[in-house]
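Structure record follows, encoded as C-alpha cells.
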Amino acid sequence: MTSVMMTVLNIAIIAMTLSILIPMYAAWKDEDIWQTMLSMASISTKSSLIVLMLSVLRDDWMIGVSGVIMISVGNAGFMLLAHILKRMGEA
Amino acid sequence: MIEVLSSFCILVGLVFGFWGTSSLLGSRSVLFKLHNLSVSDTLGSISIIVGLLFLRPREWPLLLLAIISLMLWNTMLGYVLASCSSDAVKNQHDVLYFDPDFEIGDES
Amino acid sequence: MIGDVVLRLIIWFLLTANFTIANIVIGLLIAFLLPRSSASPERLKDLFQGIWKIILAIPQAYAEAVELILNPHTEEEIVMERVQLRRSPGLVFLDIFLITFTPKTTVLNYHEEGWYEVHQVRPRRRLP
Amino acid sequence: MMDSYLYIIIALLPLAAMMVVFQTNPYHALVIRGVLGAIAALVYSILGAPDVALTEALVGTLLAITLYAVAVRSSLVLTIGVLQEEFEIEDQTLDFQVLISAVQTSLDPYYVRVKLMPYADLKALDQALRQQEIHVKVYGNTISNAKLDEIQIKSYQLVTRLNRIYEIIKPDITSALVLLQSSDLKEAQS
C-alpha cells in the first residue's frame, strides 16, 4: 500500500471516529428509549467498521475476524434488547 | 488507479455516514431516523468495505462475509426496531397511527 | 434442506478461507449436524432466486439513497401492501428483507391475512 | 503522527463510561451500557488484543445486557396485593383504577412499575404483607348508606410496610394510607 493510501485511510478512520460522537451525543440527550436504541445500533456498526478499516491498514487478519464477529454478535444482542424493551412498554 | 477507485468508495461511504447520522440530532420520528440510518449504516458501511476490498483483494472472503452479515443484521435490526417501537407507540397513546390520506397499496 | 446446507458451507468457507481436506470435512460435518427446521423444505432454486433478487436490490438501494440525499424527503406515510396468501416463512423473510433494505421503505408489521404495513418517506408534495 | 487516531478513539472509552455512570434512568443506562461495550471492544482490538475484544463483544454486549435487562425488569417493581374480585380488569371499579394509576404516577419519577397480585381473602392478603411477599396491600370497605341503600360506596385503604414507599406515595393518594410500623410486624412474627 502506498503512503498516500495510508494517509487516506488514516483520515477516514479519524472521520469515522468523529462521526461516532454524533450518535453518542444523541444517546446522551434523548429522552425516548427508542431514539437511544437507534444511536446505539449506529455506534456499534461504526465501531466494528473502524475495526475492519484498521485491520486493512495494519494488514492484521485477526483484528479483521474479530471485527466481523463484533458486527453479528452486537446486532443480535440489540435485537434481544429491543424485544425486552417492547415487553416492558407493554407491561 | 485502483487506489483512486477505493478512495472514491470510502469517500462515498463517509458522506453517506455523515448525512444519515446527522439526522439523529433532529427531532423527527424514530421511523424517519431509521430510514436515514439505513442509508448511513448499511449502504455507507457497505461502500466503505467495498473500498477496502479494492485495497486488499487477498482478504476477500472475510470482507465479503462482513458485507453479507452487515446487510442481513442491519436490515433485520431495522425491522425489529421499527416493529417494536411502533407497537410501543400504539400501546402507549392508543392513537390511530395511520396517515389521514391512507391508501391501499396497488394490487400488482 | 439442501439450501440450508449450502448456505452454511458458504458461510463456513468465507469465515475460514481454507480449502484443506480437514477443513472441508469439518465444514461438512457442521453443516449437516447443526439442527435445522423441518417445517418448510426450501428448494435450491428458490434460494438462488432469492440471492439474485437481493443482488438486484443493491443498486436500487443506492439509487434511493442518492435520491434521499439530493431531494429531501420530509413526508412520512404508512401504506398497506398486499402479497399472496400463505407464503412460506422463507419467502416472507425475503420480502420483508427486500422492502426494509431499500432506504425509502420499512416494513412495520406483517399481517397473517397477506398484508404488509409499510412505512415510507416521500418528497414534499407540490401544491396544486 | 500516523497513530494519532489512537488517542481520539481511546478518549471515547472514558466518555462512554461517564455516560453510563451519570445516567439516572435505568433503562437508558442499559442501552448506554451497550454503547460502552461496543466502544470497549473497539478500543481493545485497536490496541492489539482481538481475543479480549471478542470476549467483550460476546459477554459485554450480548450476555451482560440481557442479564441486566432481566434484573432491572424484575427488581424495579412495586407489588400491590389486591383481593381476587378486584384483580380482573372488567370487575374493577373506576375508583380502584384511579387509585392504582395515582400510585403509578407517584412512582414514575423513580422508574418503578406497579404490579398487581391477587389474593383470595383478607386473611391471605394480610399474611402476604407480613411475610414480605407484597409491598402494599389494598382492600375496600363497602359502606352502605342507610338512607339510599341502592348506592354502595367503596372506600379503599392502602397498607404498606415500607417507610420510603409511604413517603413517596403519600402526597398523591386521597384514600386512607397506613404505614405498618415495624413493631406491629414483630408482634405478628413472634
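What the table shows:
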read-out: Total formal charge among the other residues, if their Cβ is under 11 angstrom from that of A:V65, Lys/Arg +1 and Asp/Glu -1; value: -3
read-out: Top positive-direction residue, dipole computed over the stretch B:1-91 with Cβ charges, set B:S22, B:L5, B:S86; value: B:S86
read-out: C-alpha long axis of helix C:2-16 to longest principal axis of chain C, angle in °; value: 80
read-out: Debye log10 I(q)/I(0) for the stretch D:4-74, one point scatterer per Cα, at q = 0.12, 0.17, 0.18, 0.23 Å⁻¹; value: -0.33, -0.62, -0.68, -0.98
read-out: Chain A: C-alpha gyration tensor shape, a/c 1.5 cut-off, then a/b vs b/c; value: oblate
read-out: Average beta-carbon neighbours from other chains, 10 Å sphere, peptide B:1-12; value: 3
read-out: Prolate/oblate/rounded label for the stretch B:2-88 (Cα gyration tensor, a/c 1.5); value: oblate
read-out: Zero-based 10 Å bins, Cα pair distances in the stretch C:66-128, whole percents; value: 21, 45, 24, 10, 1
read-out: Approximate shape of the protein assembly as shown as ellipsoid semi-axes (Cα gyration tensor, √5λ), whole Å, largest first; value: 50, 28, 24
read-out: Chain A, dipole about Cα centre (Lys/Arg Cβ +1, Asp/Glu Cβ -1), debye to the nearest 20; value: 60
read-out: Cα-based shape type of chain C, given that a ≥ b ≥ c are square roots of the gyration tensor eigenvalues and the cut on a/c is 1.5; value: oblate
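Taken together, the values in this text are just the output of simple stated rules run on the coordinates, not laboratory data. The model shown is predicted, which means the values in this text are computed figures rather than measured ones. Cβ sites come from the backbone with ideal geometry, for glycine too, and all protein chains shown count toward neighbours.
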